[in-house]
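See structure below.
Read-outs: derived from the displayed coordinates by stated rules, not from any lab. These numbers come from a predicted model, not from an experiment. Ideal geometry is used to build each Cβ from the backbone, glycine not excepted, and the neighbour counts take in all protein chains shown.
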Amino acid sequence: MPRPLVFAAILFTLGVPATSWAAAPGAEVDRPRPLTPAIVDNSQRIDVNRIGMFVTNTGSFAWDKTTLVAGLEFPRGSGKTAVFAAGPWIGAMVGGETRVALSEYSDEYGPGSMIGGAPDDPSRPEYKVYKLNRVYSSAAERDAALADYNAGAVPHGAPAITVQPDGSLDVPGDQMTWCVYNDADPRSHGNRAGQTQPLGVEVQETFYAYDDPGPLGNTVFLRFKIFNKGANFLEQTYVGLWSDPDVGGALDDLVGADPGRSLGFAYNAYGLDAIYASAAPAVGFDLLRGPLASPSGPPLGLTAITSYINGTDPNDASKSYRALQGLDASGNPFVDPTTGLTTRFMFPGDPLAGTGWIDVTPTDHRFLLGSGPFSLSPGESEDIEYAATTTKFKRSSIVARPPRVRCRQPVSRSRTASRMQTSGAMSASRAGACSAPSSSRRSRSESMRDRCSSNGDPIRPEASAPPWPGPERCGMKQRASSRPSSRISRRAGRL
Ligand SMILES: [Ca+2]
Ligand SMILES: [Ca+2]
């Protein structure tokens, strides 16, 4: 959650369009974005299964940019949210110069295609977010939606969709959204973490989801076709998926990486969350198909996961590009304190087992999944696909607090965080995590109640708590008619 939300809410109530709010997290505020005639579509959600998620035509998703609140609802209809905002990042070297295109709390993409190396008029109404269902309540409703899609989306690269003999549409999944955007307008590059010249890329975005009673119903697939439609030779290119996961309440979250599964995830540090109470889910982003480093080679996997907390976000293009590479703000690789070795992945340990390098600072995190490097010459394109997925909504899915934290005594309002004790070889930072500062006595006592049960015992993970249910572990089964990716298919085949 960005800090200036109150400021943003004031702007909203004053009628200032969300797109003109370019405030970034931290104390500073972005420079105002030049006004453009762009019609930004903030109204659509993909909402066919247990996730309800906003989708816009400027890269941003999982953020309700109309009301400026978190935009990935899970379970759909509950009013509870697990992600505040997300969007695609791209970084590359152009003639020795770092350039990036970001979608964060403001977007450096504008609606529409590129034509002749330049951005098309973003105010054309056809550059909205399209949404198609597999099944409609009537043929008339189906035909109207398909006709609109065929007229406005397909001419700009959207996949052809047809009516099947049973009357359904052959959309991927049970519902899809499609839109196109590009970074070619220099006026769009106003995010303080960017502000470079354009890369000259067009992104055709297809999201889709399945209405499924199993874990597939907790997943949205995110497909990005990235085209170099400018004249720049993009070298040392990285793609990234940026996210500000807020698992219910934002201030008690932890994040982790599972590089072997190309997965970044966020979870609640304690057994009680301010919004989800005792049933906080975990949420993750899984790279299903990365870019090609060479025409004949396999797609790259995830090559970096960089995490940072609210207030330490990248604030220039060099830092953003380094984050895409899995480097700190100064350009150094991270050091795993449990091994002493350098790594491009933050927190790759196992939080359930309490082994390896795990996050021990419950707070408002963001993370960035990076993949690269690769080259993208004029005329070339890459297909990138992720999954946004959550755990099942049940108590046993809670990933609990860092291990070995003990409350010496039952906590009451009069006690302070200093009575929280640590044991064993717990690091100073972990102890610090147990005494996170609060701005008031009331909030402190509330946050401490989150950490300890009524008798002062730490709230422990249930013995039966499953491992992170990423796609390979969650029994994901694809419909034969519309498999989302070869990798998913291979996974399904092993189940
Ligand atoms: Ca939380
Ligand atoms: Ca967060």
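Neighbouring Cβ atoms within 10 Å as the yardstick, rank 276, 130 fewest first.
Working: 276 20, 130 26.
Least crowded to most crowded, the residues run 276, 130.
Each part reduced to its alpha carbon centroid, region 258-312 and region 236-251 end up 8 Å apart. Taking packing as the residue-averaged number of other Cβ atoms within 10 angstrom, the listed peptides 309-322, 133-146 run from highest to lowest as 309-322, 133-146.
With a 10 Å Cβ neighbour count serving as the proxy for reagent exposure, in which order, fewest first, do 389, 342 appear?
Values: 389 27, 342 12.
Listed from fewest to most nearby Cβ atoms, that is 342, 389.
Going highest first, how would you order 42-54, 240-252 by mean Cβ packing within 10 Å?
Values: 42-54: 22.2, 240-252: 25.1.
Descending packing order for the listed peptides: 240-252, 42-54.
Each label point was placed 7 Å from the Cα along the Cα-to-Cβ direction; for residue 143 and residue 338 their separation is 6.1 nm.
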